[in-house]
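The values are calculated or read from the model by the stated rules, or taken from the named source; none is laboratory data. Please read these numbers as outputs of a predicted model, since none were measured by experiment. Here the Cβ is made from the backbone with ideal geometry for all residues, glycine too, and neighbour counts use every protein chain on show. Protein only, heavy atoms only, side chains kept; ligands, DNA and RNA dropped before computing areas. Shrake-Rupley method; radii C 1.70, N 1.55, O 1.52, S 1.80 Å.
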Amino acid sequence: MSEDPEPPRGRRKRGLSEDERTLWETVARQVKPLRKASRPVRPHPPMATAEPQPDKPMTTPRPVAPLVVPKPAKPAIPPLVSLGRKERSKLSRGRSEIDARLDLHGMTQSRAHQALHHFLHRAQHDGLTFVLVITGKGTIGADPERGVLRRQVPHWLSLPEFRALIVGFEEAHVGHGGAGALYVRIRRPRG
């Protein structure tokens, strides 16, 4: 087996001839750049001569302006958070007061929605912290239309109109209604 001979080291690339440079400039002018910003045309170095050019002295790089990262905008609608284990435990054991209660039993969806919105507005205005919203459990397995409020109230509380009023909500302890009631933490009013 014969191996290919290695090219001699220290070999310089040959420079472009004047014809090759002219051809290259013609082709380069006709090509559409991939980037939107165009690069400035660099002047070509003079033809390579037999005498080596002395090295240019190192120049210090221009200072780069620090990158300014814009601060993310505050969300217009605050996210919901869970109540936390301590708060839930205090509520379920009666160590924290439930400031007010709203019972939605027997209401239509539209009436319950209005009552819930008004109740939460009032609770925020009055500076309340925790309220209990009773939806009722509905009859499981019977009529599929029963228990509508139990399904709808958590959905409503997730809507932007309610998220400005509440911090979060969770299913209540069995002693306060269990699956048929919700602990709701009221958001403090701004300003």
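Below is a table of values for the structure above.
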{"item": "Positive-end residue, the range 89-185 charge dipole about Cα centroid, Cβ charges, pick of Ser158, Val131, His117", "result": "Val131"}
{"item": "Relative contact order of the range 78-142, pairs being alpha-carbon contacts under 8 Å that are 6 or more residues apart, as %", "result": "40 percent"}
{"item": "Inter-probe distance in nm under a simple model that places probes 7 Å from Cα toward Cβ, at Met107 and Lys137", "result": "2.2 nm"}
{"item": "Fraction of accessible area attributable to carbon and sulfur, the range 145-191 (%, probe 1.4 Å)", "result": "48 percent"}
